[in-house]
């Protein structure tokens, strides 16, 4: 039974999707805790209502990033995690923190990495005239929004889209893809080979959502 710790900063909709998938699909895992860096993070109430331990490590109570990360790691490690899942955790993490969880920390980023790291990714995609956009699940490395790619989702950019409409379409795919990627880790099917991730046995590691919102997949 693998222990998962999920970090959030707000609503935590990807956290909700993972919690529901873990229960519905009977993974060999338990959500040991949901931890937020903000005491008003709405996702904490959802986690508590599902019997999941919650904790808050408020970044505003620390003088610098290093001291916050040290305190956060201490709380996380109290739950003996096999995997740390960043689900809308809006903090830039120090290299020492990332190294501590090397190979056992996943993030989801709302762009087709390596394109558009950082913030306002949907507007960046629109400004660049992209015809498709999406999200990426990746192992976390010290470089911001960088790391071996586990899975990606793709959505069309439609005529008349604004950033909010595009964000909503991408988020829909995240709720499918992120639980799947976490389950692959739980099942011991992911292997790191430098910058590449191998999935065994192989299955599609991308999702395509067409204009009718139907999800299609390919190798």
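Report every pair of residues separated by at least 6 positions or lying on different chains whose Cβ atoms are under 7 Å apart, first residue within the range 87-101 and at positive phi, second surrounded by 13 or more Cβ atoms within 10 Å (Cβ to Cβ).
Listed by first residue and then by second, the contacts come to 88/8; 88/9; 88/10; 88/12; 88/14.
Go through (1) outside any helix (DSSP H, G or I); (2) surrounded by 14 or more Cβ atoms within 10 Å (Cβ to Cβ); (3) more than 17 Å from the chain's Cα centre (by Cα) for residue 26 and report which single condition fails.
Going through the list (1) outside any helix (DSSP H, G or I); (2) surrounded by 14 or more Cβ atoms within 10 Å (Cβ to Cβ); (3) more than 17 Å from the chain's Cα centre (by Cα), residue 26 breaks only (2).
Does the range 73-92 hold any residues that are farther than 7 Å from residue 5 by Cα, surrounded by 19 or more Cβ atoms within 10 Å (Cβ to Cβ) and in contact with a helix residue (DSSP H, G or I) (Cβ under 7 Å, 6 or more places away or on another chain), and which are they?
Passing the criteria: 87, 88.
Name the single residue that is surrounded by the most Cβ atoms within 10 Å (Cβ to Cβ) among those in the range 7-23 being touching a strand residue (DSSP E or B) at 6+ places or on another chain (Cβ under 9 Å) and in a loop (DSSP other than H, G, I, E, B).
12
Among (1) within 18 Å of residue 3 (Cα to Cα); (2) without any contact (Cβ under 8 Å) to a residue 24 or more places away in the chain, where does residue 106 come up short?
Among (1) within 18 Å of residue 3 (Cα to Cα); (2) without any contact (Cβ under 8 Å) to a residue 24 or more places away in the chain, the lone unmet condition for residue 106 is (2).
The numbers here are math on the coordinates, done by the rules we state, and not lab data. As the structure is a prediction and not an experimental result, all values here were calculated from the model. All Cβ positions, glycine included, derive from the backbone under ideal geometry; neighbour counts span all protein chains shown.
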